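Colleague: Shown below is the structure under consideration.
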Amino acid sequence: MYNDSKNTMPTTEAEVIEYLKRHGEKDMLRFLTAGSVDDGKSTLIGRLLYDSKMIYEDQLAAVIEDSATHGTTNTDFDPALLTDGLKAEREQGITIDVAYRYFSTDKRNFIIADTPGHEQYTRNMATGGSTCDLAVILIDARHGILEQTRRHSFIASLLGIRHLAVCVNKMDLVDYSQEVFERIRSDYEGFAAKLEDVDLHFIPISALLGDNVVDPSENMPWFQGGTLLYYLETVPVATDRNLIDMRFPVQYVLRPDLNYRGYCGTVASGVLRKGDEIVALPSGARTRVAGITTFEGDVAEAYPPMAVTVTVEDEVDVSRGDMLIHPNNRPHVGQDFEALVVWMNDEPMKLNGSYLVKSTTNLVPAAITDLHYRFDINSLHRLDADTLNANEIGRVAISTHRKISFDPYQRNRSTGCIIIVDRNTNATVGAGMILDREKRAAQPVEATAEPKSEHIRREASTVSADERRALLKQKPTTLWLTGLSGSGKSTIAQDLERSLFDRGQACFILDGDNIRHGLNRDLGFSAGDRTENIRRVSEVAGLLNDAGLIVITSFISPYREDRAKAREIIGDERFVEVHIDTPIEVCESRDPKGLYKKARAGEITQFTGIDAPYEAPDAADLVLQTADTPVAESTRQIIAYLQDQGLLKA
Amino acid sequence: MVMYNFSHLQQLEAESIFIIREVAASFDKPVMLYSIGKDSSVMLRLAQKAFHPGPIPFPLMHVDTTFKFKEMIAFRKRMQKEIGFDLLVWINQTGIKRGMNPFDFGSEEHTRVMKTDGLKQALDHYGFDAAYGGARRDEEKSRAKERIYSFRDRFHQWDPKNQRPELWNLYNNRVNKGESIRVFPLSNWTELDIWLYIMQEDIPIVPLYFADERPVVERDGNLIMVDDDRLPLEPGETPKMRKVRFRTLGCYPLTGAIDSEADTVPKIVQEMLLTKTSERSGRVIDSDKSASMEEKKREGYF
């Protein structure tokens with residue numbers, strides 16, 4: 001039963017010895033299974049264990065007996081009951097924790113982290129996935145991609161799991177339809193484009209009936225991609241290890257007698273060799289590797305995940321928590337870093353609360369000093385937040401009381417992961433993945449009414465505003481065009497700019513897309529980023545007005561409050577709010593950039609009018625209906641308005 | 001290019017050594033529970049490896065129910081002599097005063113008093129804050145969810161809903177006074193891995209694992225070895241010599257033997273590959289009800 005069905009049982013003693021050796025020499029794949037509550041996760045695992053002959057007869061007998069009371073299927077036995085262990089969860093019919101399962105075939109040994117699909121158990125999936133190389137994502141063929149599918153895929157990718165086996169399950173319930181499978185595959189690929197560095201593999205299966213799990217399906221001759229088990233047996237994972245950056249966290253200092261001092265530890269990454277020049281962090285002391293000791297004798301080199309004992313040539317002060325590294329390949333050493341944190345406790349995260357952070361073999365007091373944003377893990381939107389609750393994920397800044405050595409998680413899983421422990425309850429309350437600070441996008445500076453320093457004073461110019469007006473023969477004004485994407489803002493702005501220029505006016509357009517290429521390239525489309533976008537544009541428009549220019553802005557600027565702020569910054573007397581009032585149906589039918597289509601398909605999110613609000617002006621200075629109006633007419637109306645208000649000479 | 005391959009068994013070994021060192025480095029007073037069985041023998045070897053060339057820096061402890069097989073006690077003495085570890089033996093004296101035995105009090109009561117209560121007494125007596133155990137997750141369904149560091153409250157109780165999440169290899173060692181952890185360095189090993197390791201490393205194990213002629217009686221489908229004269233024989237019951245061996249070892253009246261010809265490790269493995277019953281079904285105490293192990297765990301049984 002430990003064997004793949006294709007194997008023949010060893011019969012002679014020599015064959016058994018050979019069999020055992022082969023078993024020990026096979027490599028190991030750790031994978032997790034994720035799916036929504038009824039996607040059939042437990043059933044799939046039960047099927048893998050059953051079809052690969054991992055189930056003992058007495059366990060099977062117990063399951064068949066249990067099927068009568070707990071079974072949720074109408075078939076003779078419910079494979080899910082092979083894996084559901086705790087009584088309470090069996091009674092609820094759901095898995096409530098991470099359970100580990102073991103099986104092997106003649107190719108590989110496997111450890112399955114069986115993780116729950118239930119809404120509040122994001123933390124358990126993070127737990128199960130932290131040690132995995134691969135995730136099996138289950139999708140119910142009848143329902144396609146659900147919020148939880150996105151969530152599970154997102155968490156898997158956050159945890160650095162590179163290989164995703166996307167199993168479209170319950171194909172038997174959709175008549176083994178290739179069309180259904182292809183549609184789900186295409187939906188998933190669209191969504192997965194946002195995930196970093198993942199290797200996707202799609203398989204249509206029926207876990208309950210066994211199609212394409214261990215044995216190829218006779219019901220889906222159109223699928224030639226191999227079974228799930230075949231993929232699990234063959235996907236290469238050894239190359240996922242980091243063999244470049246040598247990191248040896250010292251775990252235990254061995255001093256059996258005065259003549260021997262050894263540093264026990266497990267190589268986290270890279271290759272350590274006898275004779276290597278090494279640096280002990282954080283002290284920076286240099287020495288050489290005198291020897292690498294194991295129970296079997298000394299070895300010339302050690303690589304992950306070998307557990308060895310290192311002796312060094314010089315007397316240096318090294319203790320648990322220190323890290324041995326090569327001098328020319330250093331991790332970050334410091335007290336401040338940023339991390340994506342999965343919150344795991346019912347008690348919400350407390351900014352500047354009393355925590356401990358464990359990183360490699362260090363456990364240090366630490367504070368979470370800032371929460372930059374929280375992810376809506378279903379949409380991947382970044383949201384403003386004051387705290388993280390259980391099962392929420394956010395980007396935080398952490399400050400430790402002592403220096404630690406770390407790497408970005410994306411580069412080094414072993415030295416980039418942390419757990420957060422509550423100092424009062426001792427509970428593990430969070431798990432984090434350290435981010436690469438070099439690559440991070442600058443955080444928007446919070447807009448304040450006053451400059452950050454009190455030493456800043458305004459300087460007066462010797463050229464007055466009146467002199468500039470006289471030189472340019474115009475009243476500097478900002479024409480603030482607001483409206484939905486596709487309402488005609490840019491088209492009108494360009495036509496207007498041309499007309500004003502041809503009339504001898506010095507004018508300039510501030511365009512949303514252009515500004516986001518430069519000045520505002522660090523900003524996204526969250527509410528906070530949109531507000532900052534508009535604030536900066538207002539400041540620029542104000543400066544250009546100060547310089548004497550007429551400014552035309554072309555921004556969706558969906559929030560009333562932001563436009564009110566813009567008016568305040570630029571000055572009421574210079575600010576003309578023009579509402580380009582085009583119905584969304586018309587905008588969507590125009591769709592000049594194809595954005596509505598993408599938004600409807602879920603490829604872009606927080607799109608104004610689709611999944612983000614547009615607050616139309618209550619009292620715009622000018623409202624233009626563009627649905628049946630030529631551009632030239634809109635331009636004419638704006639110029640007429642400016643002339644009426646005395647802002648433009650007739 | 002050098003691939004730096006690392007086999008499945010090497011990975012398991014390295015992971016266990018990491019855990020054993022981590023506990024020794026971060027707890028005040030650890031102890032290794034030594035049950036004398038094959039898993040304990042593997043765990044002992046891993047502890048030797050973890051601190052080589054030094055000695056094992058914590059004591060081993062055997063909770064003796066006084067009904068262990070004689071050969072187990074002899075083996076324990078032999079190992080202590082050969083390896084030279086510190087050994088503590090704990091017998092629940094309250095149980096002894098009550099004349100505790102599995103025949104008059106039943107297997108459940110006997111196990112609870114001599115094993116579960118005895119273990120708690122010993123941990124309290126010495127003030128151990130971490131206890132290594134040789135349990136594996138593949139042994140039994142409810143163990144599949146057990147943590148590597150299994151947190152116990154002041155009453156040594158395990159609450160399946162209040163275990164700390166365990167990520168990567170970052171184990172949380174924080175406990176308050178009186179609280180403790182049970183730590184399972186062999187969590188990810190399977191029975192086959194254990195046997196392979198025993199063979200590959202030539203690890204000594206109690207001879208009861210190997211088939212031999214032994215005096216047994218048959219009761220309720222179990223073969224019980226008559227290890228001493230404390231086993232009351234039912235009317236008409238006479239011990240018969242049969243070639244048997246044991247898949248697990250515990251109290252002799254509570255541990256069923258199986259008919260077997262396997263007298264070497266490869267033969268045991270071969271038999272195991274062909275056998276159709278899982279490991280713990282040889283233990284009389286487990287057949288009470290299907291989730292009984294979980295109830296014992298809640299009370300503090302390993």
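The values are calculated or read from the model by the stated rules, or taken from the named source; none is laboratory data. Quick caveat: nothing in here was measured; it's all calculated off a predicted structure. FYI the Cβ positions are ideal-geometry reconstructions off the backbone, even for glycines, and counts take in every protein chain you see.
Colleague: When the residues of region A:533-557 are narrowed to those that are free of Cβ contacts under 8 Å to residues at least 60 places away in the same chain and over 29 Å from the mean Cα position of the chain (by Cα), which ends up surrounded by the fewest Cβ atoms within 10 Å (Cβ to Cβ)? Talk me through it step by step, then tell me what you get.
Modeller: Residues of region A:533-557 free of Cβ contacts under 8 Å to residues at least 60 places away in the same chain: A:533-534, A:536-540, A:543.
In the following step, the residues that additionally are over 29 Å from the mean Cα position of the chain (by Cα) were identified as A:537-540, A:543.
On the way: A:537: 27, A:538: 26, A:539: 15, A:540: 20, A:543: 12.
That would be A:543.
For every residue, the table says whether it meets (1) part of a loop (DSSP other than H, G, I, E, B); (2) within 14 Å of another protein chain (Cβ to nearest Cβ); (3) on the phi < 0 side of the Ramachandran plot.
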| residue | (1), (2), (3) |
| --- | --- |
| B:11 | no, yes, yes |
| B:15 | no, yes, yes |
| B:18 | no, yes, yes |
| B:21 | no, yes, yes |
| B:24 | no, yes, yes |
| B:41 | no, no, yes |
| B:48 | no, yes, yes |
| B:55 | yes, yes, yes |
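Colleague: Could you list all residues from region B:159-189 that are of a type outside the set (Lys, Arg) and either closer than 20 Å to residue B:125 by Cβ or outside the structural domain of residue B:130 (by TED's automatic domain parsing) (or both)?
Modeller: Within region B:159-189, B:175, B:176, B:178, B:179, B:180, B:181, B:183 meet the criteria.
Colleague: Only one of (1) in contact with a helix residue (DSSP H, G or I) (Cβ under 9 Å, 6 or more places away or on another chain); (2) part of a loop (DSSP other than H, G, I, E, B); (3) modelled with pLDDT of 75 or more is not met by residue B:263, so which one is it?
Modeller: Every listed condition holds for residue B:263 apart from (1).
Colleague: On the given criteria, is residue B:160 crowded, with 23+ Cβ neighbours inside 10 Å, within 11 Å of chain A (Cβ to nearest Cβ), more than 16 Å from the chain's Cα centre (by Cα) and at pLDDT below 90?
Modeller: no
Colleague: Let me ask something else. Would you pick out the residues in region A:284-324 that are farther than 21 Å from residue A:256 by Cβ and loosely packed, with under 15 Cβ neighbours inside 10 Å?
Modeller: Correct list: A:284, A:286, A:288, A:300.
Colleague: How many residues are under 24 Å from residue A:240 (Cα atoms), at pLDDT 90 or above and either of a type outside the set (Gly, Ala, Ser) or not assigned by TED's automatic domain parsing to the domain that holds residue A:181 (or both) if we restrict to region A:141-157?
Modeller: Within region A:141-157, residues that are under 24 Å from residue A:240 (Cα atoms), at pLDDT 90 or above and either of a type outside the set (Gly, Ala, Ser) or not assigned by TED's automatic domain parsing to the domain that holds residue A:181 (or both) number 0.
Colleague: Still on this structure: Looking at region A:232-333, what strands (runs of 3 or more DSSP E) fall wholly within it and have at least 1 residues that are out of contact with any helix residue (DSSP H, G or I) (no Cβ under 7 Å at 6 or more places or on another chain) and within 12 Å of chain B (Cβ to nearest Cβ)?
Modeller: A:247-254, A:262-266, A:285-294, A:297-299, A:307-312
Colleague: In addition: Enumerate the pairs (first residue in region B:180-196 and more than 11 Å from chain A (Cβ to nearest Cβ) and in contact (Cβ under 8 Å) with a residue 24 or more places away in the chain; second residue anywhere and among the acidic types (Asp, Glu) and part of a loop (DSSP other than H, G, I, E, B)) with beta-carbon separation below 6 Å, excluding pairs fewer than 6 apart on the same chain, so at least 6 apart or on different chains.
Modeller: Pairs that qualify, where the first residue is more than 11 Å from chain A (Cβ to nearest Cβ) and in contact (Cβ under 8 Å) with a residue 24 or more places away in the chain and the partner is among the acidic types (Asp, Glu) and part of a loop (DSSP other than H, G, I, E, B), are B:180/B:129.
Colleague: Determine if region A:203-217 includes at least one residue that is in a helix (DSSP H, G or I) and under 28 Å from the mean Cα position of the chain (by Cα).
Modeller: Looking through region A:203-217, none of the residues is in a helix (DSSP H, G or I) and under 28 Å from the mean Cα position of the chain (by Cα).
Colleague: Let me ask something else. Report yes if residue A:638 is within 30 Å of residue A:188 (Cα to Cα), of a type in the set (Val, Ile, Thr), surrounded by 18 or more Cβ atoms within 10 Å (Cβ to Cβ) and touching a helix residue (DSSP H, G or I) at 6+ places or on another chain (Cβ under 8 Å), otherwise no.
Modeller: So residue A:638 fails the test.
Colleague: Which condition number in (1) in a strand (DSSP E or B); (2) modelled with pLDDT of 95 or more is the one that residue B:150 fails?
Modeller: (2)
Colleague: Next up: What is the residue count in region A:175-196 for residues that are without any contact (Cβ under 8 Å) to a residue 24 or more places away in the chain, acidic (Asp, Glu) and part of a helix (DSSP H, G or I)?
Modeller: Residues in region A:175-196 being without any contact (Cβ under 8 Å) to a residue 24 or more places away in the chain, acidic (Asp, Glu) and part of a helix (DSSP H, G or I): 3 in total.
For (1) surrounded by fewer than 15 Cβ atoms within 10 Å (Cβ to Cβ); (2) touching a Leu at 6+ places or on another chain (Cβ under 8 Å); (3) within 15 Å of residue A:156 (Cα to Cα), each residue gets a yes or a no:
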position	(1), (2), (3)
A:187	no, no, no
A:204	no, no, no
A:213	no, yes, no
A:218	yes, no, no
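Colleague: I'd like to know if region A:2-24 contains one or more residues that are away from chain B (no Cβ under 12 Å) and at pLDDT 75 or above.
Modeller: no
Colleague: State whether the residues of region B:79-90 include one that is farther than 23 Å from residue A:256 by Cα, under 16 Å from the mean Cα position of the chain (by Cα) and not aromatic (Phe, Trp, Tyr).
Modeller: First, the residues of region B:79-90 that are farther than 23 Å from residue A:256 by Cα: B:89-90.
Narrowing the set further to residues that are under 16 Å from the mean Cα position of the chain (by Cα) leaves B:89-90.
Retained after the next criterion (residues that are not aromatic (Phe, Trp, Tyr)): B:89.
Looking through region B:79-90, at least one residue is farther than 23 Å from residue A:256 by Cα, under 16 Å from the mean Cα position of the chain (by Cα) and not aromatic (Phe, Trp, Tyr).
Colleague: Within region A:166-200, work out how many residues are β-branched (Val, Ile, Thr) and over 16 Å from residue A:143 (Cβ atoms).
Modeller: Adding up the residues that qualify gives 1.
Colleague: Could I ask something else about it? Consider region A:25-45. How many of its residues are at pLDDT 80 or above and either farther than 19 Å from residue A:212 by Cβ or within 11 Å of chain B (Cβ to nearest Cβ) (or both)?
Modeller: Selection size over region A:25-45: 8.
Colleague: Would you pick out the residues in region A:392-439 that are surrounded by fewer than 21 Cβ atoms within 10 Å (Cβ to Cβ) and of a type in the set (S, T, N, Q)?
Modeller: Once the filter is applied, which keeps residues that are surrounded by fewer than 21 Cβ atoms within 10 Å (Cβ to Cβ) and of a type in the set (S, T, N, Q), region A:392-439 yields A:399, A:410, A:424, A:425, A:426.
Colleague: Still on this model: Would you point out which residue out of A:493, A:460 is assigned to a loop (DSSP other than H, G, I, E, B) and among the aliphatic types (A, V, I, L, M)?
Modeller: Values: A:493 fails: assigned to a loop (DSSP other than H, G, I, E, B).
Step by step, each of A:493, A:460 is checked, and only A:460 is assigned to a loop (DSSP other than H, G, I, E, B) and among the aliphatic types (A, V, I, L, M).
Colleague: So, one more: Which of the helices (runs of 4 or more DSSP H) contained wholly in region B:57-124 include at least 3 residues that are surrounded by 15 or more Cβ atoms within 10 Å (Cβ to Cβ)? Write out each step before concluding.
Modeller: Values: elements: B:70-83, B:93-97, B:102-111.
Correct list: B:70-83, B:102-111.
Colleague: Please enumerate the residues belonging to region A:342-358 that are assigned to a loop (DSSP other than H, G, I, E, B) and surrounded by 14 or more Cβ atoms within 10 Å (Cβ to Cβ).
Modeller: A:344, A:345, A:347, A:348, A:349, A:350, A:351, A:353
Colleague: What residue, of A:486, A:528, is touching a residue at least 12 places away in the same chain (Cβ under 8 Å) and part of a loop (DSSP other than H, G, I, E, B)?
Modeller: Exactly one residue qualifies, and that residue is A:486.
Colleague: Using beta carbons and a limit of 6 Å, which pairs, at least six apart or on different chains, have the first residue in region A:358-386 and within 14 Å of chain B (Cβ to nearest Cβ) and under 23 Å from residue B:23 (Cβ atoms) and the second one of a type in the set (D, E, K, R) and in a strand (DSSP E or B)?
Modeller: From region A:358-386, the pairs are A:364/A:402.
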